Amino acid sequence: MTIDVNAMEAMAAMATGQTGHTGHQDEMQMQRIRVRALALNFFDVVQRLGIMPTHVAGHQIPKPLGGHDFAGSSNEEIFGMGATMSQSISHDSHPQLVALRPRNLTALEAASLPTVSLTVSMAFDFAQVTHGEILLIHAAAGGVGLAAISAARRLGAQLMATAGSAKKMCSLRSRGLLQIASSRDGQAFLSDIY
């Protein structure tokens, strides 16, 4: 799947509270959402498998809620995040976390975008990424990496990337990236980047 610029913009709008809905926000909160697709992120899966520690550096890790990222329908086709989206019909639709689903995305594709897109949006905002800057995107073949590539290209940033296997490096080259280094071998990284 190619990360769509319209989907990235919809996710950025979610992050800033610009939902794209024309209705009154209180009405949107009360509408029922028919959930069509859910996505779990890696953190959810690791915790469900029971292989995640309960504490890291003395801090308790919260239990997964699951089912946060979704695509569904209310009056329109939508996607976003919600705390109780693991149900087939939910009333949880906080307006800042719902956006109109781009028409070129299936429900499954849209459900996979909120966490990765919001991660990229927040990271780019924090770093104040601008046109012409050089960005090194680690694990660029993964969900967050691909979303970061799309956002960086939209901003006009220059890209360098890492990947953990030859197959992933080849995939990134097929997407037009030229500077790709190993994320597994420090010496190879240095020779590939410098």
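The values are calculated or read from the model by the stated rules, or taken from the named source; none is laboratory data. What you are looking at is a predicted structure, and each value in this text was computed from that prediction instead of being measured. Here Cβ is always computed from backbone atoms with ideal geometry, including for glycine, and neighbour counts include all displayed protein chains. Heads up: the accessible areas ignore ligands, DNA and RNA and are worked out on the full protein's heavy atoms, side chains in. Shrake-Rupley method; radii C 1.70, N 1.55, O 1.52, S 1.80 Å.
A few remarks follow.
- Backbone amide hydrogens, once placed in the peptide plane, bring Q158 within less than 5 Å of G132, E133, I134, L135, excluding anything fewer than 5 places away on its chain.
- The stretch 105-194: C-alpha gyration tensor shape, a/c 1.5 cut-off, then a/b vs b/c: oblate
- Nearest-10 value in Å² for the accessible area of R153, using the 1.4 Å probe: 110 Å²
- Amide H to amide H distances under 5 Å link I180 with A161, where only residues 5 or more positions off or on other chains count and H is placed in the peptide plane.
- Net length available on complete extension from S174 to A188 is 3.0 nm, with 0.36 nm assigned per residue and the Cα-Cα distance removed.
- Entry comment: accessible area of the stretch 101-141 is 59 Å² per residue, from protein heavy atoms only and a probe of 1.4 Å.
- Each residue of the stretch 100-107 was assigned a 3J(HN,Hα) from its phi angle through the Karplus curve 6.51 cos²θ - 1.76 cosθ + 1.60 (θ = phi - 60°); the sequence is 5, 6, x, 5, 7, 10, 6, 4 Hz, with glycine and proline shown as x.
- Accessible surface ranking that places the most exposed of M160, M122, M52 first, with a 1.4 angstrom probe: M122, M52, M160
- Dipole axis of the stretch 120-181 (+1 Lys, Arg; -1 Asp, Glu on Cβ), positive-most option in S121, C170, M160: C170
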